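Visitor: Handing you a structure now.
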Amino acid sequence: MAKTSTTTQGLRAAIERSGYYPALVAEAVEAAVGGEPVRSYLVHQETTFDQNEVRRHVTVLVLTGNRFIVSHTDEQAADNTSPTPYATTSTESVKLDRISSIVVSRVVANPESYKPGTLPREIVLTIGWGAVSRIDLEPAACGDPDCEADHGYTGNSTADDLSLRVSEAGDGPETVRQALAFAQALSEATADQTR
């Protein structure tokens, strides 16, 4: 989809609807996007509980013709570094040809009666581009229960740059639809980069 005023207005309206420091978030996103056409976007606000505090944060994903942009904004309570509450906003711009994996995990109720097109109960969208990797190691072993030799370690390395969970119960069906549409648009865009 080429940039239209509707797409740009939709992104801005979604940021404003989130109600989470919309002027701050919109300015950061618009600066990162620059003049590029917006092909798809997803705005996801999440509330978490940290001990006795409620914390909110918002993630905005934007797809342009050449880049995938991630903006994340967190709020912080007053602390030793600031006598007043504050927010931190960061944006990352990734060229589409750097995206190495897109994983969409769908959770559906009653899979035995699933009908194509039914909205999943929740999805987890994981996108990797090599900025962050997680290594899980454990001691290696052999099949001999009496063996005392050191077999080194075994493990897995996982690209885990961004993982976003969206659920119908927590975020609403429209956000789940938007997340699926964004994942499809990103998959198609990265496939175009390999041709």
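The values are calculated or read from the model by the stated rules, or taken from the named source; none is laboratory data. Not measured: the values here are computed from a predicted model. FYI the Cβ positions are ideal-geometry reconstructions off the backbone, even for glycines, and counts take in every protein chain you see. For accessibility, only protein heavy atoms count, side chains too; no ligands or nucleic acids. Shrake-Rupley method; radii C 1.70, N 1.55, O 1.52, S 1.80 Å.
Visitor: Please work out the average accessible area per residue across the chain, using the 1.4 Å probe convention, and give it in Å².
Guide: So the chain comes to 60 Å² accessible per residue, rounded to a whole number.
Visitor: Rule-of-thumb check for the stretch 1-103: C-alpha Rg over 2.2 N^0.38 Å?
Guide: 1.17
Visitor: How much FRET efficiency would the formula 1/(1 + (r/R0)^6) give for VAL54 and GLU174, where r is the Cβ-Cβ distance and R0 is 25 Å, rounded to 0.05?
Guide: About 0.60, to the nearest 0.05.
Visitor: Highest mean first, how do 51-59, 109-117, 173-181 rank when packing is the count of other Cβ atoms within 10 Å averaged over residues?
Guide: Highest to lowest by the protection proxy: 173-181, 51-59, 109-117.
Visitor: Taking 0.36 nm per residue of separation and subtracting the Cα-Cα distance, what length does fully extending ARG17 through THR91 add?
Guide: Additional length available on full extension: 24.7 nm.
Visitor: In deg cm²/dmol and to the nearest 500, what is the mean residue ellipticity at 222 nm of the chain if only DSSP H runs of at least 4 residues count, each as -39500 (n - 2.57), divided by the residue total?
Guide: -8000 deg cm²/dmol
Visitor: State the dimensionless ratio Rg/Rh of the stretch 55-125 (Rg: radius of gyration of Cα atoms; Rh: Kirkwood radius).
Guide: Using only Cα positions, Rg/Rh for the stretch 55-125 is 1.16.
Visitor: Another question, then. With labels modelled as points extended 7 Å from the Cα through the Cβ direction, what inter-label distance (nm, one decimal) is found for TYR114 paired with GLU148?
Guide: Roughly 5.1 nm, to one decimal.
Visitor: Now a separate question. Report the Cα-based extents of the chain along its three principal axes, largest first, to the nearest Å.
Guide: Largest to smallest, the principal-axis extents are 69, 51, 37 Å.
Visitor: Rounding to the nearest 10 and keeping the result within 0 to 90°, find how far the Cα-based axis of helix 5-18 lies from the longest principal axis of the chain.
Guide: 70 degrees
Visitor: Using only Cα atoms, what is the ratio of the radius of gyration of the stretch 25-85 to 2.2 N^0.38 Å?
Guide: For the stretch 25-85, the normalised Cα radius of gyration is 1.40.
Visitor: Same structure, new question: Taking springs between alpha-carbon atoms closer than 10 angstrom, which of ASP171, ASP146, ASP50 fluctuates most in the Gaussian network model of the chain?
Guide: ASP146
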